[in-house]
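The values are calculated or read from the model by the stated rules, or taken from the named source; none is laboratory data. What you see is a predicted model; the values in this text were computed from it and never measured. Positions of Cβ are generated from backbone atoms using ideal geometry, with glycine treated the same way; all protein chains shown enter the neighbour counts.
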Amino acid sequence: MKTVEEIKAAIDAAVPGAGVEIVPNPSVSAQHSLRLAPEAAVAVATFLRDDAELSLDFLSNATGVDWPDKEVAEKVKVTRLVTKTVDGVETTAEETVEETQKHVVPGCLEAVYHLFSVARGHGPVVIRMKTANRTDGVQLPSLTPVWRSAEFQEREIFDLFGIVFTGHPDLRRLLMWEEFKDHPMRRDYVEPDDFEYEPTAHDDVLKRAEAHRSREQGSGIRDQERGVEAAQ
Amino acid sequence: MSSSATDISVDLAKPPGWNRPPLIEPDGEGELLELAMGPHHPSTHGVFRMDVALDGERVIRLKPVFGYLHRNHEKLAEGMSYLASMPFTDRLDYMCPLTNNWAYALAVEKLTGQEVPERAEYLRVILGELTRVVNHASAIGFLTQEMGASGTPLMYAFREREKILDLFEALTGARMMVNYMRFGGCRVDATPAWLAGVRKVLDGLPKFADEFENLLCSNEIVMARAQGVGILRPELAVNAGITGPMLRASGVNYDIRKVDKYGIYDRFKFRVPLGDHGDVYDRFMIRLLEMRESFGIIDQALKDIPGGPVMDPKAKVRGFRPKAGEAYGRIEGPKGELGFYLISDGGPNPYRYRIRPPSLINLTVLEDMCLGSNVADVVLIFGSVDIVLGEVDR
Amino acid sequence: MIISGTVTKKMAPQVVRLYNQMAEPKYVIAMGACAISGGPFKQGYNVLKGIDRYIPVDVHIPGCPPRPEALLHAFITLQKKIDGQSLTGENRPRHLNVEAQSEFPVPVQGEHDLEPASNPGVWPVEIKTGTKGLGTRD
């Protein structure tokens, strides 16, 4: 099987301007992936499927990942004009100061596809596509015209993450009901608060549970058998 | 019915327009009957709904609807450690908990690079193949029930299933939700008495398979109802991501045990049965033949199983933090390719935990197979896909 | 009706509708930890934390999964419960009691959750919200 670099070279030769990058995988599994630009993704996918040597005709797994916005704090050396009083004389001089600057790295949603080859027996080849951001730029081209097995899996990614796949024949929710408005697998999803109490009670919930217990003591069947008096 | 050869090439000539199901025009006058089969229905394997539009008895359109058992396993796993997700994998495909455990353990071992001792690998193979026997026997039993046999062949299959579930209980402590595999081996070692029990059950299984085959495969009703129904072409099967007995019944020689050779499967001699037509009858027979191959594998494993530990002594099972990265591990489960995709960010919980469900993806072509056939055949075709809703919806 | 397995919020209206369609005398067995209270999947956005939020349950079978013997024990317990009911008075069954409610309102699948979160006659604890979704909790 070709290595990731060779596959990238083959794609660049066949689909010019494809914009493919290699994403290394630091874990032991060494399953490196290729990041595709959304514009040329369908062309690259068709090449991967139809090429005689690669022959990646089997899409095994299509999934989504949520990378939320991250606040990054960096120590930056900044040159600034500082006014200092030396021996009663005011002078302005330039000084290099280290200060911490915070900025927000915008997040994105990502679709990851695992491809195998039934004809050749090799794989997996991992390809990924990132959306522009997590709010309004969530469109990605659908790979269902290339591999039919993406049909339900892309619907599920739309349902749970919110990526809109353009070119999908039937994009509607798969697992949640149609009126549902949220995308539950996103990291900032807050689920409805319909618990009545925590399973392992602590703090004031523990006090309430103990009051409940003492009120109920003596009213159960085993307590009656043992002859425990009911508390008032 | 041909056995496997060493080459795995298949002619994938693609006629145009094959990616979408063909349109069927209703003939005659009148309206289409829209029928919702499910979610509460005696012949759907769980809470599953099919919206079919019928012209008389012929199916014009079929849309499956799932999500009635969606228990957000993937989101739960992001809040728990790796080991804490293991009991939840039991409940995915609740007919085959051991192979689910094995797939998850394999994926984590791929992520961390842990080694599994020999004895644990042999035990995994024995338990995995026993699970395959249980699953295929039940699938055939349910298929005959959908043909109208009212449960009697199903009870023959369940009789064998009970014997195997007793073995699981003796080893792991639970009949079904076993929570047995661990990252780097198995939880408990097997005693020689247990292995002798497996040998005893195994000696009775070929007779059961013969009985099943005689009872059903020369049966006129089965042949008339199942042959030529729900045909799936091999090119469509590969492109739609179908795996497991459905794929092999269409003639495509792709068995992950032979392709990936995960675990120690390269040490066992077994054949991969292939079908010629891709209809319901072929899927029926493929499962029966795979059961027989599983008997052979268990026999070889019982002969060769070595002594030793079942868990790597240096393996850290609780509180371990794999290095950041990702891995995709898959096995040939009884229903198809069961894969787990894990992304780790270096913490104790997985960042992304994804299950590749064979049952969901095998349902992609349900509409293609059912168009043009009768409603009664829809039930049969759906049964031959052999799904479990716990896996479809996770 | 035996409710076995997890009841999800997508399936809950169907279950309540089925219960309403059953003829009297009707009894409900909640089988498994998931049907009783949500079980191991309790932290689920789609999991209904117990079917006894919407319909009255007569026998609960704990276990995940319950053993076959537990199911048989549940049937026997239900039979004993039915035997313990008298024909008149306080202890009479629901189908002999004109004021007893035998059909319950079916929940509607709203934008973030089922509405209402529980049926007031059936589930005694008031659940504050069924409409929280994305955003911060107040």
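Quick notes on this structure:
- Subset of the range C:56-76 [small (Gly, Ala, Ser) and either in a strand (DSSP E or B) or over 18 Å from the mean Cα position of the chain (by Cα) (or both)]: C:Ala70
- In the range B:199-257, the residue that is farthest from the other protein chains (Cβ to nearest Cβ) out of those that are touching a Ser or Thr at 6+ places or on another chain (Cβ under 8 Å) and over 21 Å from B:Thr364 (Cα atoms) is B:Val222.
- Test: C:Glu90 is away from chain A (no Cβ under 14 Å), part of a helix (DSSP H, G or I) and free of Cβ contacts under 8 Å to residues at least 12 places away in the same chain: no
- Yes/no for A:Glu53 being more than 26 Å from B:Arg330 (Cα to Cα) and among the charged types (D, E, K, R): no
- Considered as a group, the residues in the range B:77-91 that are within 14 Å of chain A (Cβ to nearest Cβ) and surrounded by 20 or more Cβ atoms within 10 Å (Cβ to Cβ) include one that is farthest from B:Glu29 (Cα to Cα), and that residue is B:Tyr82.
- Within the range B:331-341, the set of residues being touching a helix residue (DSSP H, G or I) at 6+ places or on another chain (Cβ under 6 Å) and at the interface with another protein chain (Cβ under 9 Å from one of its Cβ atoms) comprises just one member, B:Glu337.
- Across the range B:43-58, not a single residue is classified as in the same structural domain as B:Leu289 (by TED's automatic domain parsing) and within 18 Å of the chain's Cα centre (by Cα).
- Residue match in the range C:43-51 (condition: assigned to a loop (DSSP other than H, G, I, E, B), within 14 Å of chain A (Cβ to nearest Cβ), surrounded by fewer than 19 Cβ atoms within 10 Å (Cβ to Cβ) and without any contact (Cβ under 8 Å) to a residue 60 or more places away in the chain): yes
- All conditions in (1) farther than 19 Å from B:Pro334 by Cβ; (2) part of a loop (DSSP other than H, G, I, E, B); (3) among the hydrophobic types (A, V, I, L, M, F, W, C) hold for B:Leu236, with the sole exception of (2).
- Set C:Gly39, C:Gly84: member being in contact with a Cys (Cβ under 7 Å, 6 or more places away or on another chain) and within 14 Å of chain A (Cβ to nearest Cβ): C:Gly39
- Scanning the range A:93-127 for residues that are small (Gly, Ala, Ser) and closer than 30 Å to A:Glu74 by Cα, we see that the one that is modelled with the lowest pLDDT is A:Ala93.
- The residues of the range B:341-371 that are of a type in the set (D, E, K, R), under 18 Å from the mean Cα position of the chain (by Cα) and more than 18 Å from A:Trp67 (Cα to Cα) amount to a single one, B:Arg356.
- C:Tyr19, sole failed condition from (1) crowded, with 22+ Cβ neighbours inside 10 Å; (2) within 16 Å of the chain's Cα centre (by Cα): (1)
- Whichever residue in the range A:1-31 is within 25 Å of B:Thr243 (Cα to Cα) and surrounded by 18 or more Cβ atoms within 10 Å (Cβ to Cβ) and, among such residues, is modelled with the highest pLDDT: A:Gln31
- Filtering the range A:149-159 for residues that are within 11 Å of chain B (Cβ to nearest Cβ), at pLDDT below 85 and more than 20 Å from B:Ala77 (Cβ to Cβ) leaves an empty set.
- Within the range C:31-54, the set of residues being among the aromatic types (Phe, Trp, Tyr) and under 22 Å from B:Asn179 (Cα atoms) comprises C:Phe41 only.
- Test: residue in the range A:87-94 that is of a type in the set (A, V, I, L, M, F, W, C), surrounded by 14 or more Cβ atoms within 10 Å (Cβ to Cβ) and more than 10 Å from chain B (Cβ to nearest Cβ): no
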